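Have a look at the structure below, then the notes.
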Amino acid sequence: MKYITTIADLREVHKRNVPKAFFDYVDRGSYSEDTLRANQADLQKLKFRQRILVDISKRDLSTTILGEKASLPLICAPVGSTGMQYGDGEIHACRAAQAAGIPYTLSTMSINSIEDVAENVEKPFWFQLYVMKDRGFIKELIQRAIAAKCSALVLTVDLQVIGQRHQDIKNGLSVPPKIYSLKNMIDFASKPSWLIGTLRAKRRNFGNIAGFVKDANDLESVSEWTASQFDTSLNWKDIEWIRSIWPGKLIVKGIHDVEDAREVLKTGAQAMVVSNHGGRQLDGAPSSISVLPGIVQAVGSDIEIMFDSGIRSGQDVMRALALGAKSCMIGRAYVHGLGAYGEAGVTKALDILAKELSVTMGLCGVNTIAEIDGHVLVK
Ligand code: FNR
């Protein structure tokens, strides 16, 4: 890993190691991918003020996230099917995040179940919830997260309908993978370490869903069942219901509009994530970074604001913090590490981001996360 110096390098190794359908599932975005591209492009448009001769010898990247100490202003975002990038991927990613001192969020659509992860990591992790039509199942899922001592619930609200990713259809993506397709057989056989790793793993299906839902087996794959289960009737009132079951910290993820941000305040949630789901949902939406300042201005003093979509470097983390985010979720950045080298790759990804952030802080004349604000950017 000596010559791996960027998240882009990890992405290249990820692409080589993992079957095309699963790599593309991570890498691509919805429809024309306009929003996917804008997320990164708009971050890069923000330029830093280079400052000199400030004592930067005591730089400290630690912060607090929802009142808990974190060694970096980062959180591993919920990413579905992580275990298809690397066997037992959710357990490995969670271990790497915890070793680095940051929170890890397990997706509803994970391969390892809540219980698998809880049994194999040392500290509590966050659980992300998609609300589905089968409310009995959702109640059970929340209760399982409580039993596993999950320390926050991330309620994702930007996926009532699924933004189509053309490439997933062209690749015939499915979970569990269709082994009997010739195209897949050839692809899988050419990725032997991935194949052995996923065959040895605990599961190759959605661990939180398969086995817990009776009619999931009626459809050809659990992904089809799940797609049919996303609840288009979900609305603000449902958050009250969730809060009646979940007693802990609540984070609402997928906020992109000032009016919605104001509504979140009424729910009593402790935090919100300004996010367009990494350009995987509403194609044509502005970049996540371009809507962040307006949301911070409207509600930033009343609620903790997290940011995601497009972070690929420590410089990007600095840009989001400069515009008022308290911390950043990363999705693809850590999954590229996982697909490339498993747990060590996630550690590498976090290390790259931390070092880039530290140097950027230094060159902007800043020593602490709390000092980062609009003054580090060129107006
Ligand atoms: C996601 N994301 C996501 N979000 C969520 O709430 N639940 C989920 O199951 C998933 N699944 C998922 C799969 C994949 C492959 C990706 C790339 C993303 C969105 C994720 O949490 C986060 O919002 C984005 O990844 C942020 O954008 P970047 O960092 O990937 O650019």
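The values are calculated or read from the model by the stated rules, or taken from the named source; none is laboratory data. This structure is a prediction, so every number in the text was calculated from the model and none was measured. Here the Cβ positions follow ideal geometry from the backbone for every residue, glycine too, while neighbour counts run over all protein chains shown. We work out accessible area using only protein heavy atoms, side chains counted, and drop any ligands, DNA or RNA first. Shrake-Rupley method; radii C 1.70, N 1.55, O 1.52, S 1.80 Å.
Things to note:
- Flag for Gly310 being surrounded by fewer than 20 Cβ atoms within 10 Å (Cβ to Cβ) and either within 11 Å of the ligand (Cβ to nearest atom) or farther than 17 Å from Val13 by Cα (or both): no
- Counting only residues that are more than 9 Å from the ligand (Cβ to nearest atom) and crowded, with 21+ Cβ neighbours inside 10 Å, the range 272-298 holds 8 of them.
- Of all positions in the range 160-171, none carries a residue that is closer than 19 Å to Gly211 by Cβ and open to solvent by 40 Å² or more (accessible area, probe 1.4 Å).
- Close pairs from the range 144-167: first acidic (Asp, Glu), partner in a loop (DSSP other than H, G, I, E, B), Cβ under 6 Å, at least 6 apart: Asp158/Gln281
- Of all the criteria given as (1) acidic (Asp, Glu); (2) buried (at least 24 other Cβ atoms within 10 Å of the Cβ); (3) not in a helix (DSSP H, G or I), the one not satisfied by Glu122 is (2).
- In this structure, Ser223 does not qualify as open to solvent by 50 Å² or more (accessible area, probe 1.4 Å), among the polar types (S, T, N, Q) and assigned to a helix (DSSP H, G or I).
- Filtering Lys58, Lys69 for residues that are modelled with pLDDT of 95 or more and in a strand (DSSP E or B) leaves a single hit, Lys69.
- Residue that is out of contact with any Leu (no Cβ under 9 Å at 6 or more places or on another chain), over 30 Å from Phe22 (Cβ atoms), among the hydroxyl-bearing types (Ser, Thr, Tyr) and more than 13 Å from the ligand (Cβ to nearest atom), where the choices are Thr360, Thr368, Thr347: Thr360
- Pairs with Cβ under 6 Å, 6+ apart, first in the range 303-329 and under 14 Å from Leu72 (Cα atoms), second of a type in the set (Phe, Trp, Tyr) and more than 11 Å from the ligand (Cβ to nearest atom): none
- Odd one out for Tyr130 among (1) touching a Lys or Arg at 6+ places or on another chain (Cβ under 8 Å); (2) open to solvent by 10 Å² or more (accessible area, probe 1.4 Å); (3) within 28 Å of Val213 (Cβ to Cβ): (1)
- Scan of the range 67-88 for residues that are closer than 25 Å to Val18 by Cα, open to solvent by less than 10 Å² (accessible area, probe 1.4 Å) and within 11 Å of the ligand (Cβ to nearest atom), ordered by number: Ile75, Cys76, Ala77, Ser81, Thr82, Met84, Gln85
- With respect to being within 13 Å of the ligand (Cβ to nearest atom), surrounded by 17 or more Cβ atoms within 10 Å (Cβ to Cβ) and more than 28 Å from Glu240 (Cα to Cα), Met109 falls outside the description.
- Residue check for Ala333: assigned to a helix (DSSP H, G or I), among the small types (Gly, Ala, Ser) and near the ligand (Cβ under 10 Å from one of its atoms): yes
- Qualifying residue in the range 159-167 (condition: within 13 Å of the ligand (Cβ to nearest atom), at pLDDT below 95 and more than 14 Å from Ser228 (Cα to Cα)): yes
- Qualifying residue in the range 263-276 (condition: part of a loop (DSSP other than H, G, I, E, B) and under 27 Å from Asn120 (Cα atoms)): no
- Test for Ala100: is it within 15 Å of Glu343 (Cβ to Cβ), surrounded by fewer than 23 Cβ atoms within 10 Å (Cβ to Cβ) and away from the ligand (no atom under 16 Å from the Cβ): yes
- Yes/no for Asp187 being more than 16 Å from the ligand (Cβ to nearest atom), among the acidic types (Asp, Glu) and part of a helix (DSSP H, G or I): yes
Residues checked against (1) surrounded by 21 or more Cβ atoms within 10 Å (Cβ to Cβ); (2) within 16 Å of Leu43 (Cα to Cα):
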site: Gly300; (1), (2): no, no
site: Ala325; (1), (2): yes, yes
site: Ala340; (1), (2): yes, no
site: Ala344; (1), (2): no, no
site: Ala349; (1), (2): yes, no
site: Ile369; (1), (2): yes, no
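- Residue ID - surrounded by the fewest Cβ atoms within 10 Å (Cβ to Cβ), chosen from residues in the range 21-35 that are out of contact with any Leu (no Cβ under 6 Å at 6 or more places or on another chain) and among the small types (Gly, Ala, Ser): Ser32
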